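Here is the structure we will look at.
The values are calculated or read from the model by the stated rules, or taken from the named source; none is laboratory data. Everything numeric here is computed off the predicted structure, so don't read it as measured data. Here Cβ is always computed from backbone atoms with ideal geometry, including for glycine, and neighbour counts include all displayed protein chains. To get the accessible areas, we keep the full protein, side chains included, count just its heavy atoms, and leave off ligands, DNA and RNA. Shrake-Rupley method; radii C 1.70, N 1.55, O 1.52, S 1.80 Å.
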Amino acid sequence: MKIHGKHYRTIWTRPDETVEVIDQIKLPHRFETVVLKSAEDCAETIRNMTVRGAPLIGATAAYGVAFAMKKDPSSKALISALDLLGSTRPTAVNLKWALKRMHDVLHAKTHGERFAEAWAEAAAICDEDVEVCRAIGANGLKIFREAAAKKQGTLNVLTHCNAGWLATVDWGTALAPIYMAYNEGMDIHVWVDETRPRNQGASLTAYELGSHGVPHTIIADNAGGHYMQHGKVDLCIVGTDRVTRNGDVANKIGTYLKALAAKDNGVPFYVALPGSTLDMSLAHGSDIPIEERSSDELLKMTGRLPDGGLATVEIAAPGSPGANPAFDVTPARLVTALITERGVCEASEAGLKGLYPDR
Ligand SMILES: CSC[C@@H](O)[C@@H](O)C(=O)COP(=O)(O)O
C-alpha cells in the first residue's frame, strides 16, 4: 500500500542480503524502518512488536531462519533458530506455520544449499501472502457488495485491532475487502476500535485507512455495542491469529465482546483469514495458548506531545497491578462466516474441510 505516494510492503529485502521492516512501534507518529541482519534481530523484532500481525510475524520469522543459515548452515543451528523464533509469540499460528515450512524445505538440503534455499523460501512466503490477501479481499468484496446493495447510503463497517496491510505483507486480511470496496467507489465508512491496551486500531488501522483515504472514525473499544444498537454498524470484520478445527477464532483481546454485541443486534460478524492461520490440529479455541503480555502495556501509554516528541506516561492508580491477556477466543457460533483466500465458509469443521480438504 502507499505511504506518501510511495508503494511499500511491510517487509522487503535489501541488496546486501539484509531485510528492512516498517517500525510499527513508532507509528502513527513517525514512519521509520528498521534493518534486520540476524535471527536474533528477527526474534526481538517480533517479540517487542516492531512487527506484529499474524502473517507478518510468520514472514519475519522465515527471514530469521534464513539469517541463521547464512551464519551457520548446520542442522543444530537450524533447530536452534526454529526454537528461538518459535518462542517469540505463542498465539498466532502463522509463526509455527512459517517455521515448519522453512524446516520442511531446509532439513534435506546440503549445508551449501541452505542459505539460498531459505532466502528464496522466505521471499516466496512473502509473495504468496500478498496474493492470498488479495484473494481474501476479492472474496470479502462480494459480501460487501451484497451488504451495500441492501441499503441506501454509506456502508458502515466495524473492525477491531489491525488486520490491514501492516499486519501482513500487503493488503491485509480484514481490511483487504475494505480497500477494494473503497477503490471501486463504494460509499464506505469504518468504525475503528481503538484496541486497548496497545491501540493497534487507533494507531495502525486509522493510519492505514487515513493514508489510503478511506473514511473512518476511531471509537473507544466500549462504543461498538452502542453503535450496533443504534443501527450504525452494517457488518463487523476482523482478522485472526488462529482458527481451530471447529471454527473458533482467536483474535486481539476484545474481539469476543464485539462478536457478542453483534449477535445480540443481528449484525453479521465476519472473520478474514489466510490458510496459514488455520490450526486443524486443535479441536477447540480453548486449546489455543493465549499470550499474556506485560501489564506496563495497560498501565502506561505512549503518545505525541504538542512539540512532536513522544512521551510515555502512567495512567493508572500508583501501585495497582494489571493483567494483560493479548487475545481472546470468539466461539464459532458467533461468527457469521469465515472469509479465506479459497472462498467463504461456515465457521465449522465441515465448512473448513470443504475449503481445505488438504488440511
Ligand atoms: C491479519 S492480522 C490478524 C491478527 O493478527 C490481528 O487481528 C491481531 O490480533 C494482531 O495482534 P498483534 O498483537 O498486534 O500482533
### Task
Give the range 86-124 a look and list any residue that's buried (at least 22 other Cβ atoms within 10 Å of the Cβ) and closer than 15 Å to F67 by Cβ, or say none.
A98, M102, L106, R114, A118, A122
### Query
Does A147 count as among the aliphatic types (A, V, I, L, M) and either under 29 Å from A59 (Cβ atoms) or outside the structural domain of T340 (by TED's automatic domain parsing) (or both)?
no
### Flag for W171 being within 11 Å of the ligand (Cβ to nearest atom), open to solvent by 10 Å² or more (accessible area, probe 1.4 Å) and either over 25 Å from I290 (Cβ atoms) or not small (G, A, S) (or both)
yes
### Task
May I ask you to list the residues in the range 31-58 that are in contact (Cβ under 8 Å) with a residue 12 or more places away in the chain, away from the ligand (no atom under 16 Å from the Cβ) and either in a loop (DSSP other than H, G, I, E, B) or not aliphatic (A, V, I, L, M) (or both)?
F31, T33, K37, S38, E40, D41
### Query
Can V192 be described as touching a Leu at 6+ places or on another chain (Cβ under 9 Å), free of Cβ contacts under 8 Å to residues at least 40 places away in the same chain and either under 17 Å from M301 (Cβ atoms) or within 16 Å of the ligand (Cβ to nearest atom) (or both)?
yes
